[in-house]
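> Below is the structure I would like to discuss, written out as structure tokens.
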Amino acid sequence: DVKVTQSSRYLVKRTGEKVFLECVQDMDHENMFWYRQDPGLGLRLIYFSYDVKMKEKGDIPEGYSVSREKKERFSLILESASTNQTSMYLCASSRPPGETYGYTFGSGTRLTVV
Amino acid sequence: TQLLEQSPQFLSIQEGENLTVYCNSSSVFSSLQWYRQEPGEGPVLLVTVVTGGEVKKLKRLTFQFGDARKDSSLHITAAQPGDTGLYLCAGAIFNKFYFGSGTKLNVKP
């Protein structure tokens, strides 16, 4: 069964900590994405990558960075966690073009920053 | 302001009822997708529509893409408790997706 795996389902971190969210896909997809999901705001794109070592800013990149050293792994980094980064984080991958094949999402990481 | 507006935001119905949820925008999309998300899980792709006016059926679910490719609807016939979840639409512009905030559906037995 093909899938996208996010390393943690729940995380609690303190303000100011550096936080790593890991995402691995086993479908050999070129495209990978990080979204955050907040009630009433839907899914908002943080960063995406169309290839290894490549990254592009999404709509809300401030306070985040990403790393894609291998095709199957896309990491989201919160440089200095803040309470307004408390959210559900969703990783997704797709075969290009994504608008034809759609996204496969992970189960999400619910991050709480205290 | 979101690019895609979904309505209604919440819907609670009895098993066996029919329902329609809407996804509207002033923008033109090259394709539109519908996802269903269950609590604690990521969204799962239900369908992709590409052509204006296109209608696709998935068992009791009927999806329609507007003629001008700016809107879409999802109709569920004889809803069942297993249909409960958050329904999200996502429109593609230049291979980038914009998601609506979703319709939360609860089907009571």
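The values are calculated or read from the model by the stated rules, or taken from the named source; none is laboratory data. These numbers come from a predicted model, not from an experiment. Here the Cβ is made from the backbone with ideal geometry for all residues, glycine too, and neighbour counts use every protein chain on show.
> In the stretch B:12-48, which residue that is away from every other protein chain (no Cβ under 11 Å), over 13 Å from the mean Cα position of the chain (by Cα) and hydrophobic (A, V, I, L, M, F, W, C) is nearest to B:Phe63 (Cα to Cα)?
This residue is B:Val28.
> Scan the stretch B:45-55 and give yes if some residue there is loosely packed, with under 14 Cβ neighbours inside 10 Å, assigned to a strand (DSSP E or B) and in contact (Cβ under 8 Å) with a residue 12 or more places away in the chain, otherwise no.
No, because not a single residue in the stretch B:45-55 is loosely packed, with under 14 Cβ neighbours inside 10 Å, assigned to a strand (DSSP E or B) and in contact (Cβ under 8 Å) with a residue 12 or more places away in the chain.
> Separate question: Determine, yes or no, whether A:Ser67 is farther than 22 Å from B:Pro43 by Cα, surrounded by fewer than 16 Cβ atoms within 10 Å (Cβ to Cβ) and at pLDDT 95 or above.
Taking the combined requirement at face value, the residue does not satisfy it.
> More than 14 Å from chain A (Cβ to nearest Cβ), assigned to a strand (DSSP E or B) and touching a residue at least 40 places away in the same chain (Cβ under 8 Å): does that describe B:Leu88?
Against the criterion (more than 14 Å from chain A (Cβ to nearest Cβ), assigned to a strand (DSSP E or B) and touching a residue at least 40 places away in the same chain (Cβ under 8 Å)), B:Leu88 does not qualify.
> Which residues, taken from the stretch B:96-109, are touching a residue at least 40 places away in the same chain (Cβ under 8 Å) and either among the β-branched types (Val, Ile, Thr) or within 14 Å of chain A (Cβ to nearest Cβ) (or both)?
Across the stretch B:96-109, the qualifying residues are B:Phe97, B:Tyr98, B:Phe99, B:Gly100, B:Ser101, B:Gly102, B:Thr103, B:Lys104, B:Val107.
> Identify the residue in the stretch A:52-104 that is under 12 Å from the mean Cα position of the chain (by Cα) and among the aromatic types (Phe, Trp, Tyr) and, among all such residues, is nearest to A:Gly16 (Cα to Cα).
A:Tyr64
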